[in-house]
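Have a look at the structure below before the remarks.
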Ligand SMILES: CC(C)(COP(=O)(O)OP(=O)(O)OC[C@H]1O[C@@H](n2cnc3c(N)ncnc32)[C@H](O)[C@@H]1OP(=O)(O)O)[C@@H](O)C(=O)NCCC(=O)NCCS
């Protein structure tokens, strides 16, 4: 299976719409394009796509975070999806490896992610490729300033 991995470009926005939908995030092409533009501008974000033939069959995004408690920055994997017709062929693992390589080059010494409890397949995948499970995720929405007391 010949897979190429490269940086995402604005021209990938259209192909990313169905992939992000498979991840559970419905978005328009224009929205995806805007997000890609933002990510490209921070200098702290990486967005890679996996290409088979000429089709985008997977995507991974990650962010480099400086922290108060470690000397080296850490990498947060913020999105990962392989097109559902192309799963179990090593594409997800190849994307994570490519992200890791980039993050190493940026001085990161750890890569982490949060994942919803219902994503059983993803959990099996992460364990299989060497991630350890630790901690819990808490979140709450941030209300708009107008709504605050
Ligand atoms: C998780 C995901 C990205 C894995 O992508 P993939 O390209 O299928 O993964 P790979 O082919 O590289 O898998 C590598 C190994 O992980 C394990 N694995 C992957 N998917 C698995 C599954 N559904 N069940 C059990 N093990 C799995 C297998 O051991 C696999 O190797 P094998 O196929 O030789 O047995 C993909 O299932 C996906 O896009 N899921 C929907 C979106 C999602 O949940 N993303 C993660 C959000 S946190």
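The values are calculated or read from the model by the stated rules, or taken from the named source; none is laboratory data. Bear in mind the structure is a predicted one, so any value in this text is a computation, not a measurement. Backbone-built Cβ (ideal geometry, glycine too); neighbour counts: all protein chains shown.
The set of residues in the stretch 113-149 being under 18 Å from residue 22 (Cα atoms) and either more than 10 Å from the ligand (Cβ to nearest atom) or over 19 Å from the mean Cα position of the chain (by Cα) (or both) consists of 117 alone. For residue 123, the test of being free of Cβ contacts under 8 Å to residues at least 60 places away in the same chain, over 22 Å from residue 10 (Cα atoms) and exposed (fewer than 14 other Cβ atoms within 10 Å of the Cβ) is failed. Mind checking whether some residue in the stretch 89-105 is within 16 Å of the ligand (Cβ to nearest atom), touching a helix residue (DSSP H, G or I) at 6+ places or on another chain (Cβ under 6 Å), within 22 Å of residue 6 (Cα to Cα) and not in a helix (DSSP H, G or I)? Within the stretch 89-105 (the criterion being within 16 Å of the ligand (Cβ to nearest atom), touching a helix residue (DSSP H, G or I) at 6+ places or on another chain (Cβ under 6 Å), within 22 Å of residue 6 (Cα to Cα) and not in a helix (DSSP H, G or I)), the answer is no, since none of the residues qualifies.
The set of residues from the stretch 53-80 being in a strand (DSSP E or B), more than 11 Å from the ligand (Cβ to nearest atom), under 19 Å from residue 91 (Cα atoms) and more than 10 Å from the chain's Cα centre (by Cα) comprises 55, 56.
Going by the structure shown, is residue 38 in a loop (DSSP other than H, G, I, E, B), over 14 Å from the mean Cα position of the chain (by Cα) and either modelled with pLDDT under 95 or more than 16 Å from the ligand (Cβ to nearest atom) (or both)? When the stated conditions are applied, residue 38 does not pass them.
Does the stretch 63-77 contain any residue that is without any contact (Cβ under 8 Å) to a residue 24 or more places away in the chain, in contact with a strand residue (DSSP E or B) (Cβ under 9 Å, 6 or more places away or on another chain) and closer than 20 Å to residue 10 by Cα? For the stretch 63-77, residues without any contact (Cβ under 8 Å) to a residue 24 or more places away in the chain, in contact with a strand residue (DSSP E or B) (Cβ under 9 Å, 6 or more places away or on another chain) and closer than 20 Å to residue 10 by Cα: present.
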